[in-house]
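Here the structure is laid out as structure tokens; the discussion comes afterwards.
The values are calculated or read from the model by the stated rules, or taken from the named source; none is laboratory data. Just so it is clear, the structure is predicted and the values come from calculations on it, not from any experiment. Note: ideal-geometry Cβ built from the backbone for every residue, glycine included; neighbour counts use all protein chains shown. For accessibility, only protein heavy atoms count, side chains too; no ligands or nucleic acids. Shrake-Rupley method; radii C 1.70, N 1.55, O 1.52, S 1.80 Å.
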Amino acid sequence: MIAELILFNGRITTLDPRRPEAREVAVVDGRIAGVDNAAEFRRGPETKVVDLGGRRVIPGLNDSHLHVIRGGLNYNMELRWEGVPSLSLALRMLREQAARTPAPQWVRVVGGFSEFQFAERRLPTLDEINAAAPDTPVFILHLYGQALLNRAALRACGYTKETPDPPGGEIARDRAGNPTGLLIARPNATILYATLAKGPKLPPEYQYNSTRHFMRELNRLGVTSVCDAGGGFQNYPEDYEIIRQLHGRGEMTLRIAYNLFTQKPGAELEDFVRWSKAVEPGEGDDLLRCNGAGEMLVFSAADFEDFLEPRPDLPRMLEAELERVVRFLAENRWPFRLHATYDESIQRFLSVFERVNADVPLGGLHWFFDHCETISDRSMERVKALGGGIAVQHRMAFQGEYFVDRYGAEAAERTPPIRRMIEMGIPVGAGTDATRVASYNPFVALYWLTTGRTLGGLSLYPDKARLTREEALRLYTQGSSWMSRDEGKRGAIAAGQLADMAVLSGDYFSVPDEEIKSLESVLTILGGKPVYAAGEFKPLDPGDLPVMPDWSPLHRYPGAFRPSPAGELPAARAQARAAGRCSTELPRWLSGLRGLLDGGCECFAF
């Protein structure tokens, strides 16, 4: 048997209990053919033999909740603040990008950051944003809670004194009634996403290039598989055309299992009935296939987590609306996922599922909840009894401070109770929920899972609730494979499994905690073929891509921030302290822009 790829001289974490550690791997026909027995395989003229130089190798990471299809269509347009250590640097990036962005395009900062990651420990003020970009529209999305628009963006959106507040949202105004530029989700994020949708889109050829760049950025971070959770304003099949073209041309560098997300409040069942006639779960192949329904099943069940606001009370009609959809899905054997933050909501959802299950068993359907920050033990018992799973994400790393301020440190110790989920035998997968809230960087999620700390350094969880590094890695590989019904096919470096692997820049199992966030892949392999390579492995890289359009932020700021050797963070923190803008203590009020709005301040400067 001729091997197409042989890796040797590595420290290989297989996650296979029969051989947890290895030094070499042989790949044949895109699958792992041998572990620690490379000498048994013949080498032909096309065989790639790679000396790993003692580097750590892990199975390719599998994000069980990432909005990769929608994110790919927009990636080249977005200025990313992932990992940027200071607000002063973030504003400089904004200023420079605004100068390069032609009319009528916007500068978009769409999630992926926390104010507590900045040395200044605050968000930008509207005055700062307007000073940085006086003429180019700017939209900055902060979690599910708020968006900041400069005056140019307000004009582009047509927001004036006469514009009414939409249902579930608020346009902040000055004393004269004019919009200030702050949009508030009260209680849902529709106003934020609807405003973002007003901005210009990229033409199809640029969306194609953008999607390839986003996949390559994920490859750089060791990601080889994704469950796409659909998303607002992500219509099927129109917004799936680019990813289908990439698949048809053999240019996929990620495996994507996609879920279909309803787009029509009040007509959700009609969406799923129509889609069931066009596609069915499992249709496709190992690179692109339909995974089922969700994460939005009915809009009345949307309990977006926004810890700057009280928990929303969901409407009474949710049970009837949700039951109609879930019953249809169960009868047609469609797996489904459902966004669920609060236990109060989860209890109501489970009652619906139990009624459906009495007539149409849900067993074997691989349905699951997403998020579950405050799920109770009793609700987890009900999930297990119905054969469900839970996909968890590191959203608390971005807003744990807000949760503690509203509900207290003791309540935050179970947000979510992952250790208890594992002990109860519930299938658990890990992910990010990128790109509009948290960062797509899986190593930030692994840092949160293992240290229990936010990006701002706040410790949320006791030692007993944190995961070991191996446990966290297992959730990010084998655990997530349950969500796409791929158990035993991917997630371990073992004979017969898909040859998806990442060779890391540092040893995940031994680097200091804070360095986990800075890890990346120096060689990412999908189906036995390199899809990304850097450093000593650069000759194996399939090649850099051109960036389109020529004003894209990627020309200057390619992907998540990489720390500079000069140490931007200490310098920025010292600068902020000298100016009296930064404190080593976390403020107890922690209400960001909104706290000052409620207090009557018009400038939002703090």
*Filter pass, residue 129 being modelled with pLDDT of 95 or more, open to solvent by less than 30 Å² (accessible area, probe 1.4 Å) and within 22 Å of residue 185 (Cβ to Cβ)*: yes
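Quick grid of which residues meet (1) under 22 Å from residue 521 (Cβ atoms); (2) of a type in the set (Phe, Trp, Tyr); (3) outside any loop (DSSP other than H, G, I, E, B):
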{"position": "215", "(1), (2), (3)": "yes, no, yes"}
{"position": "224", "(1), (2), (3)": "yes, no, yes"}
{"position": "250", "(1), (2), (3)": "yes, no, no"}
{"position": "265", "(1), (2), (3)": "no, no, no"}
{"position": "271", "(1), (2), (3)": "no, no, yes"}
{"position": "280", "(1), (2), (3)": "no, no, no"}
*Among all residue pairs at least 6 apart or on different chains, which show Cβ distances below 8 Å where the first residue, located in the range 123-150, is at positive phi and the second is part of a strand (DSSP E or B)?*
none
*Count - residues of the range 164-182 that are over 17 Å from residue 130 (Cα atoms), open to solvent by 30 Å² or more (accessible area, probe 1.4 Å) and not basic (Lys, Arg)*: 6
*Looking at 397, 358, which one is open to solvent by 40 Å² or more (accessible area, probe 1.4 Å) and either in a helix (DSSP H, G or I) or closer than 30 Å to residue 517 by Cβ (or both)?*
358
*Any residue in the range 482-493 that is in a helix (DSSP H, G or I) and touching a strand residue (DSSP E or B) at 6+ places or on another chain (Cβ under 6 Å)?*
yes
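Condition check ((1) touching a helix residue (DSSP H, G or I) at 6+ places or on another chain (Cβ under 7 Å); (2) closer than 22 Å to residue 64 by Cα; (3) surrounded by fewer than 17 Cβ atoms within 10 Å (Cβ to Cβ)) across all residues:
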residue	(1), (2), (3)
224	no, yes, no
233	yes, yes, yes
248	no, no, yes
256	yes, yes, no
260	yes, yes, no
265	yes, no, yes
270	no, no, yes
279	no, yes, yes
292	no, yes, no
_Conditions (1) free of Cβ contacts under 8 Å to residues at least 40 places away in the same chain; (2) part of a loop (DSSP other than H, G, I, E, B); (3) open to solvent by less than 10 Å² (accessible area, probe 1.4 Å); (4) not small (Gly, Ala, Ser); number of the one not met by residue 160_ = (3)
*Members of the range 436-470 found to be part of a loop (DSSP other than H, G, I, E, B), in contact with a Leu (Cβ under 6 Å, 6 or more places away or on another chain) and free of Cβ contacts under 8 Å to residues at least 60 places away in the same chain, listed by number*: 452, 467
*asked:* Looking at the range 495-545 only, could you name the residues that are of a type in the set (Ser, Thr, Tyr), part of a strand (DSSP E or B) and open to solvent by less than 20 Å² (accessible area, probe 1.4 Å)?
replied: 521, 524
